[in-house]
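Okay, so here's the structure we're looking at.
The values are calculated or read from the model by the stated rules, or taken from the named source; none is laboratory data. Keep in mind that this is a model prediction, so the values were computed, not measured. Glycine also receives a Cβ, built like all others from the backbone with ideal geometry; neighbour counts cover every protein chain displayed. To get the accessible areas, we keep the full protein, side chains included, count just its heavy atoms, and leave off ligands, DNA and RNA. Shrake-Rupley method; radii C 1.70, N 1.55, O 1.52, S 1.80 Å.
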Amino acid sequence: MSGTYLGMPAFPEAAHDAVRNTTLRANLRHATHTIRDKRARAVAELDDWARLREAGKQIKDHTLRHLEHYLVQLEESVTAAGGTVHWAADADEANRIVTRLVLATGEREVVKVKSMATQEIGLNEALEAEGVRAYETDLAELIVQLGDDRPSHILVPAIHRNRGEIRDIFREEMGSWGRPAPEGLTDTPAELAEAARLHLREKFLRAKVGVSGANFMVAETGTLVVVESEGNGRMCLTLPETLISVVGIEKIVPTWQDLEVFLQTLPRSSTAERMNPYTSTWTGTTESDGPRTFHLVLLDNGRTDTLADEVGRQALRCIRCSACLNVCPVYERAGGHAYGSVYPGPIGAILSPQLRGTQSEIDASLPYASSLCGACYEVCPVAIDIPEVLVHLRERVVEGGPVTRRGTKVTLKPARGHAAERAAMRAARWAFTHPAALAAGQRLAARTRRFHPRTVPGPGRAWTDTRDLPQVPAESFRDWWQRTDGGKEAGK
Amino acid sequence: MRVALFLTCVNDTLYPDTGRAVVKLLTRLGVEVDFPAAQTCCGQPHYNTGYRHEAEPLARHYSDVFGPGVASGDYDAIITPSGSCAAMVRELYPRMGERARAEGRGDRLATALAPVIPKTYELTEFLVDVLGVTDVGAFYPHTVTYHPTCHGLRSLGLGDRPTRLLAAVKGLELRELPGAQECCGFGGTFAVKNSDVSAAMGADKVRNAAATGAEVLCAADNSCLMHIGGTMSRLQVGMRPVHIAEILASTEEEPLV
Ligand code: SF4
C-alpha cells in the first residue's frame with residue numbers, strides 16, 4: 001500500500017496518543033454515535049434486512065469463487081463498449097499505468113472522486129513525482145488534502161476534524177490550491193459547503209482528465225457504478241475528456257440485478273439513507289457525451305493472495321460501508337490514524353494485514369486491535385465475521401503457517417516478540433491438561449495471597465496501571481467442593 | 001434433573017463464591033449438581049490470542065471430562081456461569097473441528113466435541129429455557145444495573161433472559177445502564193496488549209454505570225466483572241461488581257452479604 005504508511009508504529013503505540021487527545025475523542029464519539037443510531041433506525045425500517053444481508057453475502061461469495069470468469073467477462077464487455085482494460089498486479093504497476101495514461105494526454109492536472117484504491121496505492125504521490133497534480137473532490141477528501149493530513153474513516157475521511165478546524169484549513173490552504181476561501185468564512189456547515197463548492201467548481205470545469213474509483217463493476221455489461229452524496233462524482237465522471245477508473249478486482253458483481261441488493265444495503269449501512277443521493281453508472285464511451293476515452297485499471301495488490309485464504313477471504317466481500325467503524329469501541333477511542341492504512345477500523349484490522357502481509361510492526365499488531373466484542377460482525381451488511389478473521393490472523397502472527405504471497409504458497413515463521421507469550425500459553429495448556437497441577441498452583445496462590453501486591457511490575461503493569469487486581473481467595477472452589485463434599489458437609 | 005457444573009478456570013481460582021452460589025441456586029431449584037474434578041479451562045484464552053493448536057488439547061480435555069456423563073445420560077446438561085466460556089464451547093468448538101478437518105486431520109476432533117457442544121448452557125439460559133423459571137425465589141434489596149457482556153449478548157443471544165430473572169428478584173430495583181451493549185474493554189489479552197484503549201473503554205463503562213446511581217453492577221461473566229470491578233476500585237465510584245448467580249442465590253433466610 002501507500003508509502004505514506006510505511007514505518008508506522010504498532011497499533012498500541014499509535015493509539016496511546018489518540019486515547020489522550022480529548023478533542024479527537026469527543027469528535028469521534030459524537031460522529032460515530034450519531035451515525036450508528038441513525039443507521040440502526042434506517043435498517044430497522046426494512047423487515048427483510050436479514051435476507052438482504054444474506055443475499056449480499058451469497059452474491060459476493062459466488063462472485064469471488066468464480067472471480068476469474070467474471071473478470072474475463074468484464075474485460076470483454078468493457079472493451080466492447082469502447083473502453084480499455086489494464087491489469088495491475090501491485091501498487092507500482094498500477095501507478096505506472098495511470099501516470100503513463102495521464103502524461104499521454106499532455107495534461108498536468110486531474111480531478112479525483114471516490115477512490116480508496118488510489119489511496120491504497122499512493123497514486124497522488126506517484127503522480128506528483130511526475131509533475132501531475134491530483135485534486136480530491138469529495139468534501140472530506142478535500143479537507144484531508146488541504147490539511148496535509150491522512151484520511152481516518154472510510155466514508156468520512158475527515159471525521160477527526162470539527163467545524164472550527166475545517167474553517168481554519170479552508171482559510172489557510174484553499175488559496176494555494178486554487179480559488180481561495182471567501183472573505184470572513186465562518187464555521188457554519190452551509191458556508192463551509194459553499195466555499196468547497198466554489199473552490200471545486202473551478203476545477204471541474206477546467207479538468208481534462210478524471211480519475212475515479214467504483215463501488216461496483218457489472219460484469220455482464222461492463223458498467224461501473226459510483227454512489228455518492230455530493231454530486232462531485234457526476235461532475236468528475238462526465239466533464240473530463242479522459243476518464244481513468246482504478247478499481248480493486250473484488251468489486252465485481254455478475255449482473256445488474258445483483259446491484260438491487262447492494263443499492264439498498266450500502267446507503268442504509270453507511271449514511272443511514274434509504275437511497276444515496278447520486279448513483280452514477282458509466283459504460284465505456286458514448287458518442288458526444290461524457291469522456292472520449294475510458295480506461296479501467298483492475299487492481300490486484302494482494303487481493304488474489306487474500307482470496308487463497310479460506311478464512312480470511314471473506315474480507316473481500318466488504319462494500320466499504322463503514323458501519324463497522326461506527327460501532328467499534330476501539331476505533332472510537334483510538335481514531336482512524338492508529339490503523340496505519342486507508343482502511344481503518346475493524347475492516348482495516350483484517351484487510352490491511354492480508355493485503356500487505358503481517359511482516360511490518362503495524363500489520364502484525366492490527367489483528368490485536370479488537371476486544372472481539374462482535375459489534376462489527378453484527379452490523380456488517382455482507383456478514384463478514386470480523387472477529388473470526390482477527391483470531392485467524394492472530395494465529396498467523398504467533399504460530400506462522402501457510403500463506404499465499406504473489407501467487408506462491410509460502411510458510412510463515414512465527415513473528416518475533418511472542419516467544420514469552422508462547423511459552424506462557426504452553427505452560428498454561430500443560431497445567432490445564434493436568435488438573436492436579438492446576439489445583440497445586442491454586443493452593444500455592446491461596447497460601448501466598450497476603451503477599452500479592454495489587455499493582456505489579458513487568459507485563460502485568462499494563463493491567464494494574466489503571467485497574468486493581470482481584471484478591472486471590474483463601475480457598476479455590478475445587479478445594480471447597482472436596483472439603484465439603486459439594487457443600488453437604490459442615491464448614492460450607 | 002442432574003447437571004455438571006463447568007465453573008471455568010477463572011471462577012474456580014478467583015471467584016469460588018460464584019461457584020458456591022450456582023450450587024446453592026440450582027440445588028434450591030431441585031437440580032442435582034455435580035462438579036467433575038478433572039475440569040480445567042475451555043481454552044478460550046489460548047484460542048482468542050491465536051494459539052488454536054494449544055487450545056485444541058483443552059477442548060479435547062473438556063470433552064473427556066464432560067462427554068462420558070452426557071453420553072451415558074448421567075448429566076442432562078453442562079452449566080457454566082460464564083457467557084464467554086459457553087460461547088467458546090458452543091460457537092468456537094465447532095469451528096475448531098472444521099479447521100482441523102480443513103487441515104487434513106479428519107473428523108476426530110469434531111466427532112469428539114460433538115456431544116458436549118449442544119449440552120453446554122450458560123446459567124441464565126439454562127434457568128429460563130430449560131428449567132422454565134424466571135422467578136427463582138431470590139431476595140436482594142439493592143439497586144442493580146445490568147451489563148450484558150458481549151459474548152452473552154452477541155454470541156449466545158441471551159437477550160432479556162438475565163434481566164427477566166433480575167426483575168423477578170424480590171427487593172431488587174433494576175436500573176437501565178446507558179450504552180449497555182458496548183463492550184467493557186476486557187477482551188482477554190486485549191486488556192494487556194491494548195491497555196490504553198481497554199482502560200478508556202472500562203472507564204466509560206464505569207462512568208455510565210455510576211450515572212445510574214445503582215449500588216451494584218451485575219453481569220453474567222466474572223472476567224468482565226474483574227476488569228470493571230478493578231476499574232471501579234481504581235476510580236473509587238462507590239459501586240461493586242456482583243455476578244448474577246450470587247444475586248439469584250441470595251434469599252431472605254440466607255442473604256448475600
Ligand atoms: S466490513 Fe462490513 S461493515 Fe465494515 S465496511 Fe465492510 S461491508 Fe461495511
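Could you work out how much longer the chain between A:ARG163 and A:THR186 gets when fully extended? Use 0.36 nm per residue separation minus the Cα distance between them, nm to one decimal.
This chain segment gains 7.4 nm when fully extended.
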Worksheet item: Where only protein heavy atoms count, and the probe is 1.4 Å, what is the accessible area per residue for the range B:2-130 in Å²?
Response: 31
Worksheet item: What does the accessible area per residue of the range A:308-381 come to in Å², with a 1.4 Å probe and no ligands, DNA or RNA counted?
Response: 18
Worksheet entry | Separation of the A:SER288 and B:ASP107 label points, Cα + 7 Å toward Cβ, nm | 6.9
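Quick check on chain A: helices-only [θ] at 222 nm, where DSSP H runs of length 4 and up contribute -39,500 (n - 2.57) each and the sum goes over total residues. Nearest 500, please.
Values: 23 runs with 244 residues, N = 492.
Rounded to the nearest 500, the figure is -15000 deg cm²/dmol.
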Discussion item. For chain B, set up a GNM with springs between Cα atoms under 10 Å and report which of B:ARG240, B:ARG101, B:ARG164 has the largest fluctuation.
Written reply: B:ARG101
Item to complete: Enumerate the lysines that B:LYS193 could reach by cross-link, defined here as Cα to Cα under 29 Å, with residues fewer than 8 away along the same chain left out.
Response: A:LYS413, B:LYS205
Item to complete: May I have the extent of the alpha carbons of the range A:204-302 along their three principal axes, as whole Å values ordered from largest to smallest?
Response: 34, 28, 28
Response to the item:
Accessible-area loss of at least 30 Å² (1.4 Å probe, chain alone to full protein assembly) applies in the range B:23-38 to B:VAL23, B:PHE35
Fill in: Intensity falloff of the range A:1-132 expressed as log10 I(q)/I(0), Debye formula with alpha-carbon point scatterers, at q = 0.10, 0.12 Å⁻¹
-0.66, -0.91
Fill in: Among A:SER229, A:ALA104, B:MET96 - extreme Cα towards positive end, dipole of the protein assembly as shown, charges at beta-carbon
B:MET96
Discussion item. Can you work out the Karplus-derived ³J(HN,Hα) for every residue in the range A:218-232? Use 6.51 cos²θ - 1.76 cosθ + 1.60 with θ = phi - 60°, whole Hz, and x for glycine or proline.
Written reply: 8, 5, 5, 10, x, 8, 9, 10, 10, 10, 7, 10, 10, x, 5
Practice prompt. Please report the buried accessible area for the interface of B with A, total over both chains, probe 1.4 Å, in Å² to the nearest 100.
Written response: 5600
Discussion item. Which three numbers, in whole Å and largest first, are the semi-axes of the equivalent ellipsoid of the range B:143-249 derived from its Cα gyration tensor as √(5λ)?
Written reply: 22, 16, 11
Response to the item:
Given all pairs of distinct Cα atoms, chain A yields a Kirkwood Rh in Å of 24.8
Worksheet item: What is the Cα convex hull volume of chain B when expressed per residue in Å³?
Response: 115
Worksheet item: Running Debye on the range B:2-130 with equal point scatterers at the Cα sites and no solvent, what base-10 log of I(q)/I(0) appears at q = 0.18 Å⁻¹?
Response: -0.93
Worksheet, complete the sentence: The Cα extents of the range A:419-491 along the principal axes, largest first and rounded to whole Å, are 43, 27, 17
Worksheet, complete the sentence: Largest-first semi-axes in Å of the equivalent ellipsoid built from the Cα gyration tensor of the range A:92-235 are 26, 18, 15
Practice prompt. Give, in nm to one decimal, the length gained when the segment between A:GLN257 and A:ARG96 is fully stretched (0.36 nm per residue of separation minus the Cα-Cα distance).
Written response: 54.5 nm
Worksheet item: For the pair B:SER72 and B:ASP129, how long in nm is the line joining their label points, each one 7 Å along Cα→Cβ?
Response: 2.7
Worksheet item: If you put +1 on each Lys and Arg Cβ and -1 on each Asp and Glu Cβ, how big is the dipole of the range A:3-299 around its Cα centre, in Debye rounded to 20?
Response: 600
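What is the percent carbon and sulfur in the accessible area of the range B:132-257, measuring with a 1.4 Å probe over the protein chains and ignoring ligands?
Within the range B:132-257, the accessible surface is 50 percent carbon and sulfur.
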Worksheet item: Reachable lysines from B:LYS119, Cα under 30 Å, same-chain residues fewer than 8 places away excluded?
Response: A:LYS488, A:LYS492, B:LYS24
Worksheet entry | Rg followed by Dmax, in Å, when the range B:186-257 is reduced to its Cα trace | 13.3, 45
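If the chain between A:ALA446 and A:GLU361 were fully stretched, how many nm would it gain, using 0.36 nm times the residue separation less the Cα-Cα distance?
Here the answer is 26.7 nm.
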Worksheet item: Which cross-chain or sequence-distant (5 or more) residues have an amide H under 5 Å from the amide H of A:ARG133, H modelled 1.01 Å from N in plane?
Response: A:GLU109, A:VAL110
Practice prompt. Can you pull the one-decimal nm distance between simple spin-label points at A:THR84 and A:ARG426, each 7 Å off the Cα toward Cβ?
Written response: 5.8
Worksheet entry | Rounded to whole Hz, the Karplus (6.51, -1.76, 1.60) HN-Hα couplings of the range B:138-144, x for glycine and proline | 8, 9, 7, x, 9, 8, 10
Worksheet entry | Folded to 0 to 90 degrees: helix B:52-71 orientation relative to chain B principal axis, Cα | 90
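Round to the nearest 0.05 the FRET efficiency obtained for B:PHE139 and A:GLN482 when R0 = 35 Å and r is the Cβ-Cβ distance.
For R0 = 35 Å, the calculated efficiency reads 0.70.
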Item to complete: Could you give the C-alpha radius of gyration of the range A:319-423 expressed as a fraction of 2.2 N^0.38 Å, taking N as the number of residues it contains?
Response: 1.07
Worksheet item: Of A:ALA419, A:ALA462, A:GLY487, which is farthest along the charge dipole of the range A:419-491 in the positive direction, counting Lys and Arg as +1 and Asp and Glu as -1 at C-beta?
Response: A:ALA419
